[in-house]
Amino acid sequence: MAEWPYALGVSLVSPLRAPAEPPVPDPYDFSLVLGGPLYQMVRRAHLSGDALELLHRRIVVVTLVTWLPLLILSVLGGRAWGDAVAVPFLVDIEVHVRLLLALPLLIVAELVVHGRMRPVVRQFLERGLIPEASRARFDAAVAAAQRLRNSVTAEVLLIAFVYAVDLFIWPQYAALNAATWYAVATEGGRELSAAGWWFLCVSLPVFQFIMLRWYFRLFVWIRFLWQVARCELSLVPTHPDRVGGLGFLSGTVIALAPLLAAHGALLAGMIASRIFFEGASLPDFKVELVVVVVFLFVLVLGPLVLFVPHLSAARRVGLREYGTFAQRYVREFDHKWLRGGAPAGEPLVGSADIQSLADLGNSYELVRSMRLAPITRDAVLQVVVITLLPVAPLLLTMVSWEELLKRLLQVVF
């Protein structure tokens, strides 16, 4: 009879056990990509986990939606290869680069940015850069960035903008001036094929929306940095990174490397199409190359200029304070060792005073050599190299195959 509560399915322990409380989310665990309506839809479709797992599944699905129908419709319409049009589908370098290289890179960028930029916000606190007087403003900046990242209105406006551009601007200004797999010129304008309609209504909008959403995310990041730059910061002029402890911000270039490479791939695809189908040459696009590199430099590293006033003030105050401190030390050093102020019997060799004098000089040099922005030469080179790397193979178009083979044989033999 002692076991009758269990026979009735009643637990004597569970009513006394407190229900487990869900973990409290960390407000400073901020990810630039884990948010927004599309992210929630992708999760519900089992194409992503909470930390952007299942990357290969998302890439395969996007490729099946954007590229594969174009191939099937082009084959059925007789425009996949052959001489039916000037630019068959299978030789259209620009569309393949856009959908098979740049688009997967934009998806890969989400995972890379999530992993590398997620700790950045907390670095401001762990390094003691935010004094207690600015903590409330910093918290408000983090909360505002999270709300803007999750905005439904922003993504709806992006979709509307994408379709407005595709329907009214792209056919007239971005399409090739030749008979292609997606359109043929007629007296009334351009006549789209079945593959062209899919490209205009599905493939191109998907790509452009994902690209514009990246620009929106960067806008969220820039806005956050602007709000942080308005806070009072506690910078240390003698920090070895020579930017008062803000050196971690220049590491965002590597985090955004897939995004930079995607822009370079798009540029390379556009240039290749003009070279092979319109008779252009690579030097004809030097302006475009410079513009894209400068645009990405401003987009990725430009926001770090917001911290110039803080670094300039920290350097100015540091030079004054360390200069005053150094003056006191060297005066006492001079009095002790050169003016007879040292105690009798204290040896000069091995004295810690000399090493301290050298350390003080190194500290003052660190303050004097502080940079006015957390931008390193390596970060600048990374932006240039990563962006232009996809364009590098087009250098081969400036040399004939015969000349290239001749030079190769000269090197080998």
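Before moving on, here are some points about what is shown:
- Counting only helices (runs of 4 or more DSSP H) that fall entirely inside the stretch 42-142 and contain at least 2 residues that are within 30 Å of His310 (Cα to Cα) and touching a residue at least 24 places away in the same chain (Cβ under 8 Å), the qualifying elements are 103-117, 120-126.
- Filtering Pro23, Pro27, Pro19 for residues that are assigned to a loop (DSSP other than H, G, I, E, B) and at pLDDT 65 or above leaves a single hit, Pro27.
- Residue satisfying all of: in the stretch 367-383; of a type outside the set (A, V, I, L, M, F, W, C) and either open to solvent by 20 Å² or more (accessible area, probe 1.4 Å) or over 13 Å from Asp241 (Cβ atoms) (or both); nearest to the chain's Cα centre (by Cα) among these: Gln382
- Test result for Phe285, open to solvent by less than 40 Å² (accessible area, probe 1.4 Å) and closer than 21 Å to Arg230 by Cβ: no
- Of all residues in the stretch 359-373, those satisfying the criterion of being assigned to a helix (DSSP H, G or I) and more than 12 Å from Val330 (Cβ to Cβ) are Asp359, Asn362, Ser363, Glu365, Leu366, Val367, Arg368.
- Close Cβ contacts (under 7 Å, 6 or more residues apart or on different chains) running from residues in the stretch 309-328 that are in contact (Cβ under 8 Å) with a residue 60 or more places away in the chain and part of a helix (DSSP H, G or I) to residues that are open to solvent by 50 Å² or more (accessible area, probe 1.4 Å) and among the hydroxyl-bearing types (Ser, Thr, Tyr) comprise Tyr322/Tyr364.
- Selection count where residues are more than 21 Å from Leu249 (Cα to Cα) and surrounded by 13 or more Cβ atoms within 10 Å (Cβ to Cβ), scope the stretch 308-322: 5
- In the stretch 73-90, of all residues being touching a Ser or Thr at 6+ places or on another chain (Cβ under 7 Å) and not hydrophobic (A, V, I, L, M, F, W, C), the one that is surrounded by the fewest Cβ atoms within 10 Å (Cβ to Cβ) corresponds to Gly77.
- The listed residue being more than 26 Å from Pro119 (Cβ to Cβ), modelled with pLDDT under 95, open to solvent by less than 10 Å² (accessible area, probe 1.4 Å) and out of contact with any Leu (no Cβ under 6 Å at 6 or more places or on another chain), out of Gly279, Gly269: Gly269
- Single residue of the stretch 183-235 satisfying the filter (part of a loop (DSSP other than H, G, I, E, B) and in contact (Cβ under 8 Å) with a residue 24 or more places away in the chain) that is most open to solvent (accessible area, probe 1.4 Å): Arg230
- Of the listed requirements (1) outside any loop (DSSP other than H, G, I, E, B); (2) free of Cβ contacts under 8 Å to residues at least 40 places away in the same chain; (3) open to solvent by less than 70 Å² (accessible area, probe 1.4 Å), Gly341 misses just one: (1).
The values are calculated or read from the model by the stated rules, or taken from the named source; none is laboratory data. Source: prediction; values computed, not measured. Counting neighbours? That spans all protein chains shown, and the Cβs are built from the backbone with ideal geometry, glycine included. Accessible surface is based on the protein model in full, side chains and every heavy atom, while ligands, DNA and RNA are left aside. Shrake-Rupley method; radii C 1.70, N 1.55, O 1.52, S 1.80 Å.
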